[in-house]
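This report concerns only the one structure given below.
The values are calculated or read from the model by the stated rules, or taken from the named source; none is laboratory data. Remember, predicted model here, so these are calculated numbers, not experimental data. For neighbour counting, all protein chains shown are included, and Cβ atoms are generated from backbone atoms with ideal geometry for every residue, glycine included. Ligands, DNA and RNA are excluded from the accessible area calculation, which covers all protein heavy atoms including side chains. Shrake-Rupley method; radii C 1.70, N 1.55, O 1.52, S 1.80 Å.
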Amino acid sequence: MKFGGTSVADADAIGRVASIVRRQIQLDPEEAPVVVVSALSGVTDRLIAVARAAEDGQGDAAASALAELLDRHVEIAARLTSGSAQAELLADVRREFDGLIGLVQALAVLREVSPRSLDAVVAVGELASSRMVAAALLERRIPAAWMDARRVMRTDAEHTVAVPDLIDTCDRALEHVAPLLAQGKVVVLGGFIGATANNITTTLGRGGSDYSAAIFGSCLDADEIQIWTDVDGMLTADPRVVAQPRVVPRLSFAEASELAYFGAKVLHPSTILPAVSKNIPVRILNSHRPDNPGTTITRETGALDGQLSAIACKRDVTVIDITSTRMLMAHGFLRRLFEVFERFKTAVDVVTTSEVSVSVTVDDTRRLEAIADNLRNFADVACEREMAIICAVGENLRMDATLFGRAVTALERIPLRLVSQAASRRNITFVLRDADVPHAMTRLHEQFFGRA
Ligand code: ADP
Ligand code: ASP
Ligand code: MG
């Protein structure tokens, strides 16, 4: 059971978490759940801002932001607990923050925040929230045990975007978590955080708690992986872009992966992978409305009525056009081209080719200059920023060729930069100007899911 930031935003929200966990135990008294939590809502953003302030040498601003964060945690912790358990929790939370205050002070003096230090700073969000949730469960007489997720989640040393070592992590989950579950204890861990083999704190990338939960669920052979959040499930479109999207009741693993990859923020893009390997259903549920059925993601597809399943959008991507009249058709050209992206560790999302040019999109532009310079050794290169990808997803695209036509028709008069239909034919991707996204998403949504 993974609870995102808004599901642990304050004492009331954490109270709801406790009721949801209790209900799960009543439903299945034989198997205690593992509870994975994010930092309280907004805390990761604040901690990143604190690190940035330290980097700018603004030690005082960083310290006062930390003091505010500590106050918020202490106030919530005090409301959730009482007596000696409260004293213990407050001491634990203060200890986490004391360490952080010292670290941030040192960073402000150095005016330097490495990715490794940044991980140490942001990890406090999940360490504190998970302690608070564990204490809240115990206060409500739910047998629970807190565990430092860094003891379990093993990763490489790619700080801020660390990659889990699944074998090592599973070994540790079986060693440290499984015995507590066997005693009937609900094990509470922070998502998103891990540690290297040398016990240096790492994080899995923004939104990574979903991924942590899926990994723990898969390691421990969970019956299902529940992602509790602030919406009723996977929606037919991003609710921040399209008015009143609908809940998608069922999705296949492949559909959910595509949607997550192309911008459906409700799931971290890697969440589905661990579930697929053991065929564990993933459910997306609303912690504010626990009775709603949510979205169930399994091996089988959902929409059977010949429809698309959902559409997603990935904003602010860059298109790179690589043109070579001489060499495109020469063998080895594509290898050379993609080697450049590989060398600079930059993932390419959409690719289209014509006789003389290859166009690709990237969303990570940190190494764009270097990539373009290297490509210019053998091709002309043009980059266009402020573009976006819209991805329409549905297993039915394989069966019904008219869906493609309907999508293109819905977008008529909106300039499309690239269009591609994946070989799996489970998705169609459109690349267009970012400014056209709201209009294009609304048109597509109306075409396939009707008016709001
Ligand atoms: P949590 O803190 O629970 O992890 P997130 O903010 O990471 O929550 O993800 C939930 C948010 O994802 C929703 O509030 C919604 O704004 C956004 N979102 C974007 N696309 C979708 C979609 N297709 N379906 C549901 N939510 C989406
Ligand atoms: N707290 C982390 C973030 O905000 C991880 C997560 O919420 O999944 O990115
Ligand atoms: Mg999230």
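Data table
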read-out	value
Using θ = phi - 60° and Karplus 6.51 cos²θ - 1.76 cosθ + 1.60, couplings along the range 236-247 (whole Hz; Gly, Pro as x)	5, 7, 4, x, 7, 10, 10, 6, 6, x, 9, 7
Calculated FRET value between E68 and V356, using beta carbons and R₀ = 45 Å, to 0.05	0.20
Prolate/oblate/rounded call for the range 389-452, Cα gyration tensor, a/c under 1.5 rounded	oblate
Taking the range 175-280 and dividing mean pair separation by its residue count, relative contact order in percent (alpha carbons under 8 Å, at least six apart)	26 percent
Simple Cβ-charge dipole of the chain, Lys/Arg +1 and Asp/Glu -1, about Cα centre, in debye nearest 20	500 debye
Residue (of L137, V104, T361) at the positive-pole extreme of the chain, dipole from beta-carbon charges	T361
Leading residue at positive end of dipole, the range 1-65 (Cβ point charges), from A39, I20, S64	I20
Per residue value of the accessible surface for the range 130-204 (all protein chains in place, 1.4 Å probe), Å²	41 Å²
Long-range HN-HN contacts of A145 with modeled amide H, under 5 Å	V186, V187, V188
Solvent-accessible heavy-atom area per residue, rounded to whole Å², over the range 339-452 at 1.4 Å	49 Å²
Mean Cα-pair separation over length for the range 30-179, i.e. relative contact order, pairs under 8 Å, 6 or more apart, %	27 percent
Cα shape, the range 80-197, gyration tensor, a/c 1.5 rule	oblate
Isolated Cys in the chain, by beta carbon distance under 4.7 Å	C313, C383, C391
Note, ³J(HN,Hα) from phi for the range 143-156, Karplus 6.51, -1.76, 1.60, rounded to Hz, x at Gly and Pro	x, 9, 9, 7, 9, 6, 4, 5, 6, 10, 7, 9, 9, 7
Residues of the range 116-130 with amide N under 17 Å of a point placed 7 Å along Cα→Cβ from R94	128
Cα gyration tensor shape of the range 341-433, rounded if a/c is under 1.5, else prolate or oblate by comparing a/b with b/c	prolate
Debye, to nearest 20: dipole size of the range 367-452, +1 on Lys, Arg Cβ, -1 on Asp, Glu Cβ	260 debye
Debye, to nearest 20: dipole size of the range 102-250, +1 on Lys, Arg Cβ, -1 on Asp, Glu Cβ	400 debye
Ratio of Rg to Rh over the chain (Cα coordinates, Kirkwood Rh, two decimals)	0.99
Using a Förster distance of 25 Å, the FRET efficiency for E31-R79 (Cβ separation, nearest 0.05)	0.25
Per-residue HN-Hα couplings for the range 341-350 [Karplus 6.51, -1.76, 1.60; θ = phi - 60°; Hz; x = Gly/Pro]	5, 5, 4, 9, 6, 10, 7, 9, 9, 10
Carbon plus sulfur fraction of accessible area for the chain, probe 1.4 Å, in percent	50 percent
Selection from L444, M387, M399 lying farthest towards where the dipole of the range 315-452 points positive, charges on Cβ	M399
